[in-house]
Amino acid sequence: MRLGILDQVPLHEGDTIEQTMESTKRLVVEAERLGYDRYWFAEHHNTNGLLSAAPELFIARMGDATSKIKLGSGGILLPQYHPLKIAESFSTLAAFYPNRIELGIGNSPGGSERTRRALTDGAENAAAEFPRLLDEVDGFLTDRLSSRHPYRIVKTTPRIKERLPLSVLGLSPRSAALAAERGHGLVFGHFINPDKWEETLQTYRDAFVPVDGRTPNVIVCVFVICAETMEEAEALARTQDAWIQGIRLGHSIVPSFATTESKSWNAEQQQRIQHDRRRTIVGTPETVAQELQELSDRYQTDQFLLINNAFDQDKRLRSYQLIAERLLH
């Protein structure tokens, strides 16, 4: 099984931003030592607790702290930016760290409508232009823009020979078809909404066009919380439950155990928590291994990105260590 990590760089209650940044570096270095295949950074804006607003900067920083683990974005919010700038940022990263950089691209606004407008300096929403923008990023990276394209003579700097792995983050058959028709990888967000998994992945595999000999490439991203005992794993999971509830209220700092246990949930919130748990694997190393294998069989892929936003940083690190000891050695 090929495991990686998706990091939203969550700020934990009681920690400083500087401590969180240092904990992130420690986790990336340890992930490489443990044998994780890749480490991707998410992109979120206008939050008080998710610090990964600039994935390309985290990639650059962590590339210098490691030597072989693949580093990527999960993902760059394409409609908020310009294709040439994205292509040049990632070709620069690939020049720094050859054969280690992966480009995951999403179609999310990155936050509220006001946040989206702030990112684009008031430009109209370009979500409907996502297919064209995606083609332009790929065209700039590979120097394959159409001969009729108005920017055909503009070349990406630096002009690397390496073809960067490009994946589309998706939850629906529509995004799956887009990725497939262009021969790109697909990252399915089980941790966001697993409901349309069957139709989405079937669409991707049926519609895939093997551009340059590439084959379908599916990565599944899932919340996973692991501890030595089920009791401890459940205690950790409750802090993530509380964090998810906080997200809905605009508060994204991961709550401590004390804060979590002090909260009381009404019937609607309790029902929502139980519904949200279908996005998460919680348990001991043996339980996690079994459930990941079940997901592997369901999705027909052995590639996963694991995400853990439970409290605290040491226990979060230990969770990834336990999983690696069980599945990567």
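The values are calculated or read from the model by the stated rules, or taken from the named source; none is laboratory data. All values derive from a computational prediction rather than experimental measurement. Cβ atoms come from the backbone with ideal geometry, glycine included; neighbour counts cover every protein chain shown. Please note that ligands, DNA and RNA were not included when accessible areas were found on the heavy atoms of the full protein model with its side chains. Shrake-Rupley method; radii C 1.70, N 1.55, O 1.52, S 1.80 Å.
In the set (1) in contact (Cβ under 8 Å) with a residue 24 or more places away in the chain; (2) open to solvent by 40 Å² or more (accessible area, probe 1.4 Å); (3) farther than 23 Å from Ala94 by Cβ, the condition left unmet by Ala126 is number (2).
Take the conditions in a helix (DSSP H, G or I), under 22 Å from the mean Cα position of the chain (by Cα), among the polar types (S, T, N, Q) and closer than 14 Å to Glu13 by Cβ and apply them to Gln202. Does it pass? Here the answer is no, as Gln202 does not meet what is asked.
Quick check: is even one residue across the stretch 253-267 among the aromatic types (Phe, Trp, Tyr) and at pLDDT 95 or above? Yes, that holds for at least one residue.
Residues of the stretch 278-292 that are open to solvent by 70 Å² or more (accessible area, probe 1.4 Å) and in contact (Cβ under 8 Å) with a residue 12 or more places away in the chain: Arg278, Glu286.
Among the residues making up the stretch 129-160, those that are within 15 Å of Leu84 (Cβ to Cβ), open to solvent by 90 Å² or more (accessible area, probe 1.4 Å), without any contact (Cβ under 8 Å) to a residue 24 or more places away in the chain and not in a helix (DSSP H, G or I) are Arg144, Pro150, Ile153. If you go through the stretch 43-77 and keep only what is closer than 23 Å to Arg318 by Cβ, surrounded by 22 or more Cβ atoms within 10 Å (Cβ to Cβ) and either under 12 Å from the mean Cα position of the chain (by Cα) or hydroxyl-bearing (Ser, Thr, Tyr) (or both), you end up with Ser52, Leu71, Gly74.
Among all residues of the stretch 256-277, there is none that is within 30 Å of Ala177 (Cβ to Cβ) and buried (at least 19 other Cβ atoms within 10 Å of the Cβ). Scanning the stretch 188-234 for residues that are under 20 Å from Glu136 (Cβ atoms) and surrounded by 14 or more Cβ atoms within 10 Å (Cβ to Cβ) returns a single hit, Arg214.
Residue check: Phe304 meets all listed conditions (1) touching an Asp or Glu at 6+ places or on another chain (Cβ under 7 Å); (2) surrounded by 18 or more Cβ atoms within 10 Å (Cβ to Cβ) but one, namely (1). Here is a check on your reading of the model: is Ser175 of a type in the set (Gly, Ala, Ser), open to solvent by less than 80 Å² (accessible area, probe 1.4 Å), in contact (Cβ under 8 Å) with a residue 60 or more places away in the chain and assigned to a helix (DSSP H, G or I)? When the stated conditions are applied, Ser175 passes them.
Is it fair to say Thr156 is at pLDDT 95 or above and farther than 17 Å from Leu134 by Cα? Show your work before the answer.
On the way: at pLDDT 95 or above: yes; farther than 17 Å from Leu134 by Cα: no.
No, not satisfied.
Which one of these does Ala310 not meet: (1) part of a helix (DSSP H, G or I); (2) open to solvent by less than 30 Å² (accessible area, probe 1.4 Å); (3) touching a residue at least 60 places away in the same chain (Cβ under 8 Å)? Among (1) part of a helix (DSSP H, G or I); (2) open to solvent by less than 30 Å² (accessible area, probe 1.4 Å); (3) touching a residue at least 60 places away in the same chain (Cβ under 8 Å), Ala310 violates only (1). Selection of the stretch 178-193 for residues being within 30 Å of Arg248 (Cα to Cα), part of a loop (DSSP other than H, G, I, E, B) and either at pLDDT below 95 or not aromatic (Phe, Trp, Tyr) (or both) yields His190, Ile192, Asn193.
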